[in-house]
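*Asks:* Have a look at this one before I ask anything.
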């Protein structure tokens, strides 16, 4: 059974004129338990609209959304459950922090779930630990944290609900390289230690190549491609036609192949590139 599934999911924004294309149309998505699925696409391709359906923030105008096999729009109870089962962290989530302390902000979701105080406290501590925030940060105002700490605290607030699936919309946007690395590592750790499903929207192709089990490519409101990094980034020409790029190392090795060098067509990460260059050196292949 898939952790999250959409069947022919379609959404037309209200009050749009006749003949206006749907924001998303006919989306069939399947995220397996424990999978890390990345969603990529040009600005306006429908990525954010898609993920807002996964926890019932938007109601489909066609098709259906299932979490653990249950249609989330079956009744009022299933709608409420979906908002706790699927934790959605918007882009720049630190702008939505409003409580007087970091602890209260992280506890906001669990409190709305009606959990007892001791369970809320335990969840706050677990979530803070996942994102690398020391307990000494919890009594502070969120506005006393650094930019990276705010981002991690905001993500912790979603993690504290302990959703069955965690959806992150551009979680590293606007961060410096060190901050990006911290967020990527906490995503990997969270997934490894909890076994939960993670869906990640990103424009950073290096990040996608490094993290994703599966990649869904959105284009003009439709699912254009879906597959592994090799299956998606191996279709570089098609991605470029959609206004997307491939990882920098993939582009470099494409050029090396075009120059006649015997290099692999499946180089998507810096680690793969380093291993391939080491192989060429061992075999005595000279680079231009």
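*Asks:* Does residue 148 fit the bill of being in contact (Cβ under 8 Å) with a residue 24 or more places away in the chain, touching a strand residue (DSSP E or B) at 6+ places or on another chain (Cβ under 9 Å) and not in a strand (DSSP E or B)?
*Replies:* Spelling it out, it is not the case that residue 148 is in contact (Cβ under 8 Å) with a residue 24 or more places away in the chain, touching a strand residue (DSSP E or B) at 6+ places or on another chain (Cβ under 9 Å) and not in a strand (DSSP E or B).
*Asks:* Hey, does region 65-86 have a residue that's crowded, with 20+ Cβ neighbours inside 10 Å and under 30 Å from residue 247 (Cα atoms)?
*Replies:* Within region 65-86, one or more residues are crowded, with 20+ Cβ neighbours inside 10 Å and under 30 Å from residue 247 (Cα atoms).
*Asks:* Continuing with the same structure: Residues 153, 127: which one is in a helix (DSSP H, G or I) and under 21 Å from residue 33 (Cβ atoms)?
*Replies:* The match here is 127.
*Asks:* Restricting the search to region 154-182, which residues are without any contact (Cβ under 8 Å) to a residue 12 or more places away in the chain and in contact with a helix residue (DSSP H, G or I) (Cβ under 7 Å, 6 or more places away or on another chain)?
*Replies:* none
*Asks:* Residues to consider are 41, 63; find the one that is under 19 Å from the mean Cα position of the chain (by Cα) and under 14 Å from residue 222 (Cα atoms).
*Replies:* Residue meeting the stated conditions: 41.
*Asks:* Check off (1) out of contact with any strand residue (DSSP E or B) (no Cβ under 7 Å at 6 or more places or on another chain); (2) in contact (Cβ under 8 Å) with a residue 12 or more places away in the chain; (3) part of a loop (DSSP other than H, G, I, E, B); (4) under 29 Å from residue 173 (Cβ atoms) for residue 13 and give me the number that stays unchecked.
*Replies:* The single condition residue 13 does not satisfy is (2).
*Asks:* Moving to a separate point now. Only residues that are without any contact (Cβ under 8 Å) to a residue 40 or more places away in the chain and outside any helix (DSSP H, G or I): list them for region 80-97, please.
*Replies:* None - no residue of region 80-97 is without any contact (Cβ under 8 Å) to a residue 40 or more places away in the chain and outside any helix (DSSP H, G or I), so the list stays empty.
*Asks:* Quick check on this structure: which one of 208, 167, 246, 217 is modelled with pLDDT of 95 or more and either farther than 22 Å from residue 25 by Cα or assigned to a helix (DSSP H, G or I) (or both)?
*Replies:* Testing whether each residue is modelled with pLDDT of 95 or more and either farther than 22 Å from residue 25 by Cα or assigned to a helix (DSSP H, G or I) (or both) leaves just 208.
*Asks:* Within region 233-256, can you find the residues that are touching a residue at least 24 places away in the same chain (Cβ under 8 Å) and either surrounded by 14 or more Cβ atoms within 10 Å (Cβ to Cβ) or touching a strand residue (DSSP E or B) at 6+ places or on another chain (Cβ under 8 Å) (or both)?
*Replies:* Across region 233-256, the qualifying residues are 233, 234, 242, 244, 245, 246, 247, 249, 250, 256.
*Asks:* Out of contact with any helix residue (DSSP H, G or I) (no Cβ under 8 Å at 6 or more places or on another chain) and either within 22 Å of residue 90 (Cβ to Cβ) or surrounded by 22 or more Cβ atoms within 10 Å (Cβ to Cβ) (or both): does that describe residue 104?
*Replies:* yes
*Asks:* Go through the residues of region 63-79 one by one and say whether even a single one is without any contact (Cβ under 8 Å) to a residue 12 or more places away in the chain and touching a strand residue (DSSP E or B) at 6+ places or on another chain (Cβ under 9 Å).
*Replies:* Yes: region 63-79 contains one or more residues that are without any contact (Cβ under 8 Å) to a residue 12 or more places away in the chain and touching a strand residue (DSSP E or B) at 6+ places or on another chain (Cβ under 9 Å).
*Asks:* Kindly list the number of the only condition in (1) more than 21 Å from the chain's Cα centre (by Cα); (2) assigned to a loop (DSSP other than H, G, I, E, B); (3) at pLDDT 95 or above that fails for residue 19.
*Replies:* Here residue 19 meets the rest and fails (3).
The values are calculated or read from the model by the stated rules, or taken from the named source; none is laboratory data. Keep in mind the model is a prediction, meaning the values are calculated, not measured. Quick reminder, even Gly has a Cβ in these numbers, built from the backbone with ideal geometry, and neighbours come from all protein chains shown.
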